[in-house]
Amino acid sequence: MDIYWRWAGTSDLTHGYCSEQATILGLLKTAEILATRPDARVVIQGILPIGRTDGRRESDVKKGFLGIGGGGAHTLKQARDRYSFWSSVKRIKEELRDFCTKHPHIMYFDVNALLVNKKSSTEQFNYNLMKDFRHLSLEGYKVVGKAIKEEIARIMQDENEGNDIIHKQLR
């Protein structure tokens, strides 16, 4: 069995090159191609929760609130710099998760569950894992790497035991 791990990037979405739909289609096309290989298992890792810190006090940034909009932007560049991509990341996540439940041997790994804390009605970055709201810190890589290792071991164990891995929820 071969396991292909598709780590979804953020640059196309955040730099305005691709819409949410184009981002989703690119990820799914790659997964479908990989899934045609004999004995392939494909895991699509969701897009990292991304945001912006521009113009905010360090104390506010450390709180890591998601969903803050781009108010006051007068140009496309300003809007892009201030816009929170969290709503796009969540919509993409739901589309990918839905797709994966309908396709054998393609699974979804919700990296956001490792990096975002839900406190009552708000969602916040775990600041220690993504200090700039865009890239994993060393601690973030350790957390995500450990979870990936555990998920791959689970997939391999399920395959070796002949279990049906198609309908299991990943993270």
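The values are calculated or read from the model by the stated rules, or taken from the named source; none is laboratory data. Predicted model, so just to flag it, every value in this text is computed and none were measured. We place every Cβ from the backbone using ideal geometry, glycine too, and count neighbours over all the protein chains shown. The protein model used for the area step is the full one, side chains on, heavy atoms only, and it has no ligands, DNA or RNA in it. Shrake-Rupley method; radii C 1.70, N 1.55, O 1.52, S 1.80 Å.
Checking each residue in the stretch 82-92 for being open to solvent by less than 50 Å² (accessible area, probe 1.4 Å) and within 25 Å of Tyr141 (Cβ to Cβ) picks out Ser84, Phe85, Trp86, Ser88, Val89, Ile92. Once the stretch 136-154 is narrowed to residues that are buried (at least 17 other Cβ atoms within 10 Å of the Cβ) and among the small types (Gly, Ala, Ser), the residue that is farthest from Phe109 (Cα to Cα) is Gly140. Of the residues making up the stretch 93-119, just one is hydroxyl-bearing (Ser, Thr, Tyr) and buried (at least 17 other Cβ atoms within 10 Å of the Cβ), namely Tyr108. In the stretch 1-66, counting only helices (runs of 4 or more DSSP H) that sit wholly within it, the ones holding 2 or more residues that are at pLDDT below 85 span 11-14, 58-63. Tell me, please, whether a residue that is at pLDDT below 90 and of a type in the set (D, E, K, R) can be found in the stretch 135-157. For the stretch 135-157, residues at pLDDT below 90 and of a type in the set (D, E, K, R): absent.
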